[in-house]
Each structure stands twice: as structure tokens, then as C-alpha cells.
1. Is the shape of region 100-178 best called rounded, prolate or oblate, per the rule: a/c under 1.5 gives rounded, else a/b larger than b/c gives prolate, else oblate, with a ≥ b ≥ c the square roots of the Cα gyration tensor eigenvalues?
2. For Thr91 and Glu188, FRET efficiency with R0 = 45 Å and r from the beta-carbon atoms, rounded to 0.05?
3. Going by C-beta contacts inside 10 Å, put Asp107, Asp157, Asp82 in order with the fewest on the left.
4. Can you pick out the pairs among Lys144/Lys224; Lys160/Lys237; Lys160/Lys224; Lys160/Lys209 whose Cα atoms lie more than 18 Å from each other?
5. In what order do Cys54, Cys34 fall by count of nearby beta-carbon atoms within 10 Å, going from fewest to most?
6. So how do Asp50, Asp42 line up by other beta-carbon neighbours within 10 Å, fewest first?
Amino acid sequence: MNQPTHETETRGAFAYNDLLEHKTKRSLKVLVACEYSGIVRDAFAARGHDAWSCDLLPTERDGFGVKHYKGDVTNHLREGWDMLIAHPPCTYLSSSGMHWTTRGLRDPKLTEDALDFVRLLLGANVHHICLENPVGCISTRIRKPDQIIQPYQFGEDASKATCLWLKNLPLLTATQFVLPRQVCECGEIYIAQYANISGCPYCGRPVKKSKSRWANQTNSGQNKLAPSETRGLDRAKTYVGIAEAMADQWTLALCSNVDLRGGEPKTKNNQ
């Protein structure tokens, strides 16, 4: 899968020198559950933390010094972690797939088992926990998320509503907005900021008569990834911009006295 281009820009509070200081102030022991890509793990490891991933699959980013458990994450939850970041499989939890269950085409027990796994992760004896999943039945069966974020708030040219359930962690702050393309009812495409007017520069329809779309979406709003054996795995990967924000902001929150509020997030055009 070709990930959207990520241009790193930091907000005022997230100074590079502050991040360097974390390596001498405090190192966290971090477990990233149900991650084979290593994206979140490596973001925390780059900031001096003892970060491990765990998945039933081998890690995609292998090499010297990479820390990955291949197997059942429940065997590793009691190993003295400071932080748990969990990405439980969403196949039987997300709204996009629940119609199979509600229509009687899939065994409801699969969803019940998936919810039990979520409860186990959220109830783990770890002081700082983040559980990530798409919009789905966790919100209605367990509790509503603390935050819903989008990749385009973190420098990624992509749309994917992502729910975060947090325990003893601050909400993530947007770092860099990526402007979408507007798909007008007339069929033309434009960038609202470039148009510098209140509507389509071709037909005059207001912006509300258009649909916002990012690089991972077709003009009709479908995901561009073609069907394949790895499509589900590719769609489940955490965007680099979000992983970097987690590592930066939660490192600062837990390992220093740096003020998290900083300046306003940047804006990046997608052209």
C-alpha cells in the first residue's frame, strides 16, 4: 500500500530539543497490541522508549533492534508496561461490517468475542491506555470514545474516522490540516481555498453543494484500495502522522513539564 506523503511539521510546544531531553528524563515501556506494521512502535522507539509490538503476524518492519512479539498479546499484558496502545481487529466491530451480523449472515458470537477482547484490553493493569478502532459497536456496547480523529488533521492526505478510547492520556491535538478537493454537483473539482470564493468557480454552486474528498477516496467517497488478500491489513495500518502525534504528544505529557497547548496547527494544501 502506498501511504500518503507525510511532511513533518511540529507545533510550537513540540520542540526538537524538548524531545531529546525525554531520553534522559524518563523512558516508557510501551506495548503496541495487534500491530504488525511497526508504525506506532517505531515512533515511540525513535523517542527513546522501550517500545514493543505484538501481533499474530510477524512484524512488517523487521531488522536489528526491532522488538516484536509474534503471538497472543494476552500472554504479555502483565509485563509491567507503562503504556498500552491497542488496535484490536475491527472486522466484527466496525459499522461498515456489522450489516453482515444484523442481517443474520454472520454468527453474532464473533462480535461478542471481539467485544470481550476489547474489554480485556481496556481493563488491562496498565496505567496509560489508548484503544483505537473505527466507528462501530464499541461505542454503543461498551462506551463512547473520548475522541474521534482524522488523518487529514495530522498531515496525511486521507480521510478515515478513527475513535480513541483513552485512560490517563490527554486528547491528541491536530498538528497539520490537509485541505480536501471539493467535488461539485456539476462534476468539476476544485480546492475551496484556491477558489477564494464561496462556491464552485465553474458553476457558482455553494461549497455545501460539493463533497470533500481526500487522496484515499474516489470522487464518490469510496476507498481507492482495490480488492486484494491484504486489503484489510493495509486499511488497518496507522497513518504515520497519527503515530508521530501520539509519540510526540504523549511523550511530552508523561515525560516532561512542557506545555502541550502550543500554537495553532498548520494547514497543508493537497496540491
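1. oblate
2. In this case the efficiency is close to 0.75.
3. Least crowded to most crowded, the residues run Asp107, Asp82, Asp157.
4. Lys144/Lys224; Lys160/Lys209
5. Ranking Cys54, Cys34 by Cβ neighbours within 10 Å, fewest first, gives Cys34, Cys54.
6. Least to most surrounded, the residues fall as Asp50, Asp42.
Every number here is computed from the coordinates shown, using simple stated rules; none is lab data. These figures come from a predicted structure and were not determined experimentally. FYI the Cβ positions are ideal-geometry reconstructions off the backbone, even for glycines, and counts take in every protein chain you see.
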